[in-house]
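Please treat every number below as a calculation from the coordinates, not as lab data. Keep in mind that this is a model prediction, so the values were computed, not measured. In this analysis, Cβ positions are derived from the backbone assuming ideal geometry, glycine residues included, and neighbour counts consider all displayed protein chains.
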Amino acid sequence: MQTHFESCLRACNACADACDDCSTACLNEPDMEHMAECIRLDMDCAAMCRVAAGFMARGSARAPTVCLLCAEICEACAAECAKHEADHCRRCAEACRACAIECNKMAARRSAA
């Protein structure tokens, strides 16, 4: 693994885990239909974070592009989760925001090189 990817890789993996936790917890909410968009975005975000982590781990030249998309999806997921009061949604929103910041930093660092 390349060292300049480490903090972004950690953020992507933590975000994917938080999104998985959130989507699973949302399925147990009393009004699951109200949580449908949250669940969808959690699943998209977790999948995208894992894809981005793979690109970085392989040192792909396309990692910056993938990370920009990952940041966009993380921001959307954070915005949706922030609409809900559940602790799992709040934790997920925090992880998504942190991941978006790291992905944007990594992409900017790579494009400046």
Task: Single unsatisfied condition, ARG58 versus (1) of a type in the set (Lys, Arg); (2) farther than 12 Å from CYS12 by Cα; (3) surrounded by 18 or more Cβ atoms within 10 Å (Cβ to Cβ) - done: (3)
TODO: Tell me which residues, restricted to the range 71-109, are in contact (Cβ under 8 Å) with a residue 60 or more places away in the chain and basic (Lys, Arg).
DONE: ARG91, LYS105, ARG109
TODO: Would you check if there is a residue in the range 77-96 being under 12 Å from CYS49 (Cα atoms) and in contact with a Ser or Thr (Cβ under 7 Å, 6 or more places away or on another chain)?
DONE: no
Task: Hits in the range 34-86 - residues which are in contact with a helix residue (DSSP H, G or I) (Cβ under 9 Å, 6 or more places away or on another chain) and of a type in the set (Asp, Glu) - done: GLU37, ASP42, ASP44, GLU72, GLU75, GLU80
TODO: Take the range 27-64 and flag every residue that is free of Cβ contacts under 8 Å to residues at least 24 places away in the same chain, under 17 Å from GLU6 (Cα atoms) and in a helix (DSSP H, G or I).
DONE: VAL51, GLY54, PHE55
- [ ] Just give me the residues in the range 74-88 being among the hydrophobic types (A, V, I, L, M, F, W, C) and surrounded by fewer than 24 Cβ atoms within 10 Å (Cβ to Cβ), in sequence order.
- [x] ALA76, ALA78, ALA79, ALA82, ALA86
TODO: Identify all residues within the range 48-104 that are of a type in the set (Lys, Arg) and within 10 Å of the chain's Cα centre (by Cα); write none if there are none.
DONE: ARG50, ARG97
